[in-house]
Amino acid sequence: MAEPRGITINSSGQLIVSTCSAIYLIDIEGNKASILSGKETAGFKDGKLEEALFDHPDGVVCINNLVFVADTYNHRIRVIDLDPNERTVSTYAVLISFTH
């Protein structure tokens, strides 16, 4: 797990940790970590958990079955839907910067 950045906890008591290019699910009791979504290389792609890509996801927060992710270098707020019938990543908002 390279460069842990953000951390939250889901309703099952598992930790969700963002790293430089992936979101990990950590089972505290079983002392096991696995990639929930993303890969070891950065990029951008919405879709199924296994196919989605992130680029420096920093902040994460879990609300019910939804995990909101600040995908920093992609300039997006992404949402991971953990509902067993969904299990997808989608773009929630695109962040546009303005200069003066």
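The values are calculated or read from the model by the stated rules, or taken from the named source; none is laboratory data. All figures in this text were calculated on a predicted structure; none of them were measured in a lab. Note: ideal-geometry Cβ built from the backbone for every residue, glycine included; neighbour counts use all protein chains shown.
So in the stretch 8-31, with the set limited to residues that are assigned to a strand (DSSP E or B) and of a type outside the set (A, V, I, L, M, F, W, C), which one is nearest to the chain's Cα centre (by Cα)? Filtering first and then ranking leaves S18. Considering the conditions (1) of a type in the set (A, V, I, L, M); (2) under 11 Å from the mean Cα position of the chain (by Cα); (3) farther than 20 Å from M1 by Cα, I96 is excluded by exactly one of them, (2).
Scan the stretch 1-32 residue by residue and report those that are among the aromatic types (F, W, Y) and in contact with a Gly (Cβ under 8 Å, 6 or more places away or on another chain). The answer is none; no residue qualifies. In the stretch 68-75 there is no residue matching the filter, namely being among the charged types (D, E, K, R), surrounded by fewer than 16 Cβ atoms within 10 Å (Cβ to Cβ) and free of Cβ contacts under 8 Å to residues at least 60 places away in the same chain.
Taking the condition of being more than 12 Å from the chain's Cα centre (by Cα) and assigned to a loop (DSSP other than H, G, I, E, B), how many residues in the stretch 51-76 meet it? Residues flagged as more than 12 Å from the chain's Cα centre (by Cα) and assigned to a loop (DSSP other than H, G, I, E, B) within the stretch 51-76 amount to 4.
So that you can scan it fast, the table gives a plain yes or no per residue for (1) among the β-branched types (V, I, T); (2) buried (at least 17 other Cβ atoms within 10 Å of the Cβ); (3) in contact with a helix residue (DSSP H, G or I) (Cβ under 7 Å, 6 or more places away or on another chain); (4) at pLDDT 95 or above:
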{"position": "E3", "(1), (2), (3), (4)": "no, no, no, no"}
{"position": "I16", "(1), (2), (3), (4)": "yes, yes, no, yes"}
{"position": "E29", "(1), (2), (3), (4)": "no, no, no, no"}
{"position": "G43", "(1), (2), (3), (4)": "no, no, no, yes"}
{"position": "D83", "(1), (2), (3), (4)": "no, no, no, no"}
{"position": "V89", "(1), (2), (3), (4)": "yes, yes, no, yes"}
{"position": "V94", "(1), (2), (3), (4)": "yes, no, no, no"}
